[in-house]
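K.L.:
My questions will all concern the structure given below.
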Amino acid sequence: MRIFMNVFFNNREETGRSANCSSLTVKCLKLGIFLFPFMYGLFQGFCALAAGIYLLAVLVFAIIRGETLAVPRGWYCVIFAAFAVFSIISVFAAIDKGTAVLGLIRFMPAVIFFALVSLISYDERMELFSVIPFSCVIATGFSLIAYFIPALREYFYYSAAHDRLGGTFQYPNTYALFLVIGVIILLNNQGKSNGSKLKAHSVPESSDTENAEEEKKSRRLKRREKIIHGAEFAIMAVGLFLTGSRIALVLFFAVTLFAFIKNRHTGYYVLFILGGILIVALISLQFGGISRFGRIFTIFSNQDSMTVRLIYQKDAVKAILSNPFGLGYGGYHYAQQAFKTAVYSTRFVHNEFLQTALDFGIAPLICTVTVLVRSFFSDTVSLLQKQIMAVIVLHSLFDYNLQFLYIVFILILTLDLDRFTATVSVKKAKLSAAVCAAAMTGALGIFALCDFLRYIRRYEDVLKIYPHYTEVRSVVMENAYDSFRNGEAEIELAGAQAEKILSYNNYDLSAYEIRAEICQKNGDYSGAADALRNVVRLNKYSDQAYADYISVLAKAFRMALNTPGMEYEAEYYRLCIVEVDDIIEEVNSTVDRNAEKIGISHEVALSFNDKELIKQLTVDS
């Protein structure tokens with residue numbers, strides 16, 4: 001309890017600002033920094049937006065009490081304005097405009113957090129970091145206990161076997177990054193503590209007995225502090241190993257080695273690492289073998305996951321160059337089917353810089369890189385901030401960490417905010433500020449409600465509030481189609497949902513498949529052929545997709561051939577059938593050779609009958 005009080009409510013001397021206002025703002029921010037990891041790391045939309053409402057309330061309070069607002073200045077004003085403008089443009093260029101709007105709203109809490117932390121001093125921002133290790137320890141300790149509770153294990157452990165610790169983020173890799181950040185801050189605080197040893201031993205002149213007592217007391221405090229820090233370090237190290245995140249493990253050893261070189265007093269932490277490894281090994285041997293523990297040693301021997309991510313990224317670069325204004329938030333998930341060079345399906349590209357370009361365009365990517373580089377090389381940014389920024393950036397080259405808004409918040413704390421922003425008076429614009437805050441609260445609240453209803457599977461209610469929530473409408477469509485397959489409903493119910501999706505998103509594979517089935521049922525082979533042509537476009541490595549396409553084209557060809565006056569249509573369908581061979585040849589030529597090595601490639605091949613049909617129609621021409 002004392003530790004908790006020290007972390008959140010220690011008193012500080014305030015200078016150059018309203019002490020009460022600043023102090024309360026910092027305490028509210030500390031509370032948020034501590035609690036947000038327990039809200040899925042702000043990955044779930046409703047959690048991120050709820051955090052945004054909380055931060056907005058704190059921001060409004062800070063503005064009213066301080067009568068100031070932080071805004072970008074100089075060239076940084078142009079950079080932030082460009083990011084905002086091109087992000088809005090990406091909605092109009094989006095594959096799915098409904099999802100793109102959700103994406104903009106989802107990241108709004110990051111803007112609020114930026115504005116809020118810009119109002120407090122540098123020292124107060126640095127103080128926020130001290131909460132993170134405490135949050136790491138509590139979250140990891142609870143997650144370790146959850147392993148022995150079957151009802152909780154599936155929520156805190158990842159994969160089908162529940163053998164990788166996902167923690168409160170429910171995703172091992174980003175949770176591992178969270179723990180690495182906690183280790184960096186802990187080691188930095190320990191280094192400061194050792195550096196202030198002489199100062200701690202300075203006491204006023206008094207008797208030798210009093211000096212001896214003071215020195216003993218100081219040593220006891222030092223030993224207790226070392227034990228506490230060592231225990232915290234051990235818990236985070238154990239949690240890190242249990243995540244099985246190999247990239248995070250490399251970063252962990254790198255930052256620990258750096259701290260050891262910088263300050264030899266931190267060397268005793270190595271003993272806790274070894275102790276943690278031993279504990280994890282014993283636990284793994286006792287409960288289900290060493291797979292969850294041994295995975296970390298395959299970083300050099302098993303490169304399949306890294307190869308897959310590099311294929312994602314190579315395909316994404318081509319899409320970015322073809323769509324400089326971006327695909328809109330969520331657009332990559334749909335569009336990847338058309339440009340991928342291997343058999344895979346992923347929601348994110350596992351590289352946050354490429355993801356930024358895919359979601360919002362090349363210009364926002366340039367803005368992001370510019371701000372990060374300028375901050376990293378700024379002489380007013382501390383070594384601690386640079387270390388945290390470096391590990392986030394390096395880890396985000398191979399994972400989707402910034403989809404967790406908590407990591408975005410930490411990254412914002414590493415920026416050179418004092419140079420980026422200036423405070424302006426809003427004394428005469430309080431009413432306008434209140435109106436804007438109310439509007440933002442309403443928007444955040446509505447979309448938070450939508451996403452929460454999605455989370456608890458009340459899909460019909462979601463669509464009543466926001467009809468363009470494609471992910472939810474797709475679930476409703478699939479449920480209706482399953483009811484049709486079970487004989488409980490007509491396929492037209494699924495078809496109605498499919499048509500609504502295709503009215504604003506022409507990259508939804510399932511919607512085209514349902515449209516094709518309805519058209520065939522109604523004898524509309526022309527419509528079915530058009531739908532299946534899109535199925536082939538979006539499922540280009542599926543043998544069955546080509547077989548279905550050729551089958552429908554053949555039916556349309558025979559019908560047109562036997563109908564007077566439809567000679568032109570018959571010739572069109574014949575050419576479409578013959579063209580399939582060229583389509584397949586082009587698809588097979590684009591398969592990534594690295595994908596073949598790891599078993600995620602497929603060479604499309606037609607059946608004997610389909611080959612004979614194409615051959616016959618080619619000869620008949």
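K.L.:
Restricting to segment 450-459, what's the tally of residues that are of a type outside the set (Ser, Thr, Tyr) and touching a helix residue (DSSP H, G or I) at 6+ places or on another chain (Cβ under 7 Å)?
P.N.:
5
K.L.:
When you go through (1) more than 22 Å from Leu509 (Cβ to Cβ); (2) charged (D, E, K, R); (3) surrounded by fewer than 17 Cβ atoms within 10 Å (Cβ to Cβ) one by one for Arg574, which number turns out not to apply?
P.N.:
It fails just one condition, (3).
K.L.:
Taking the residues in segment 467-503 that are assigned to a loop (DSSP other than H, G, I, E, B) and under 25 Å from the mean Cα position of the chain (by Cα) as candidates, determine which candidate is nearest to Arg457 (Cα to Cα).
P.N.:
Tyr469
K.L.:
Only one of (1) modelled with pLDDT of 85 or more; (2) within 25 Å of Ile410 (Cα to Cα) is not met by Lys192, so which one is it?
P.N.:
Only one criterion in (1) modelled with pLDDT of 85 or more; (2) within 25 Å of Ile410 (Cα to Cα) is unmet by Lys192, namely (1).
K.L.:
Applying the selection to segment 548-571, what residues are of a type in the set (A, V, I, L, M, F, W, C), part of a helix (DSSP H, G or I) and open to solvent by 30 Å² or more (accessible area, probe 1.4 Å)?
P.N.:
Scanning segment 548-571 gives Phe557, Met559, Leu561.
K.L.:
For segment 300-343, how many residues are among the hydroxyl-bearing types (Ser, Thr, Tyr) and touching a helix residue (DSSP H, G or I) at 6+ places or on another chain (Cβ under 6 Å)?
P.N.:
4
K.L.:
Of everything in segment 58-76 that's open to solvent by less than 60 Å² (accessible area, probe 1.4 Å) and part of a helix (DSSP H, G or I), which residue is nearest to Gly328 (Cα to Cα)?
P.N.:
The qualifying residue nearest to Gly328 (Cα to Cα) is Tyr76.
K.L.:
Please go through segment 344-362 and give me each residue that is part of a loop (DSSP other than H, G, I, E, B), out of contact with any Gly (no Cβ under 9 Å at 6 or more places or on another chain) and either modelled with pLDDT of 90 or more or open to solvent by less than 40 Å² (accessible area, probe 1.4 Å) (or both), ordered by number.
P.N.:
Tyr344, Thr346, Phe348, Val349, His350, Asn351
K.L.:
Cβ contacts < 6 Å: first residue crowded, with 17+ Cβ neighbours inside 10 Å, restricted to segment 590-608; second residue part of a helix (DSSP H, G or I) and small (Gly, Ala, Ser), any location; separation 6+ or different chain. Result?
P.N.:
Hits for this filter: Ser601/Ala595.
K.L.:
Something else now. Residue under question is Ala93, and the condition is that it be modelled with pLDDT of 95 or more and either touching a Gly at 6+ places or on another chain (Cβ under 8 Å) or at positive phi (or both); does it hold?
P.N.:
So Ala93 does not fit the description; no.
K.L.:
Within segment 572-609, can you find the residues that are under 22 Å from Asp548 (Cβ atoms), part of a helix (DSSP H, G or I) and not hydrophobic (A, V, I, L, M, F, W, C)?
P.N.:
Of everything in segment 572-609, those that are under 22 Å from Asp548 (Cβ atoms), part of a helix (DSSP H, G or I) and not hydrophobic (A, V, I, L, M, F, W, C) turn out to be Tyr572, Tyr573, Arg574, Glu579, Asp581, Asp582, Glu585, Glu586, Asn588, Asn609.
The values are calculated or read from the model by the stated rules, or taken from the named source; none is laboratory data. Being a predicted model, the structure only gives us computed values, none of them experimental. We place every Cβ from the backbone using ideal geometry, glycine too, and count neighbours over all the protein chains shown. For the accessible areas, the whole protein counts, side chains as well, though only heavy atoms, and no ligand, DNA or RNA atoms are used. Shrake-Rupley method; radii C 1.70, N 1.55, O 1.52, S 1.80 Å.
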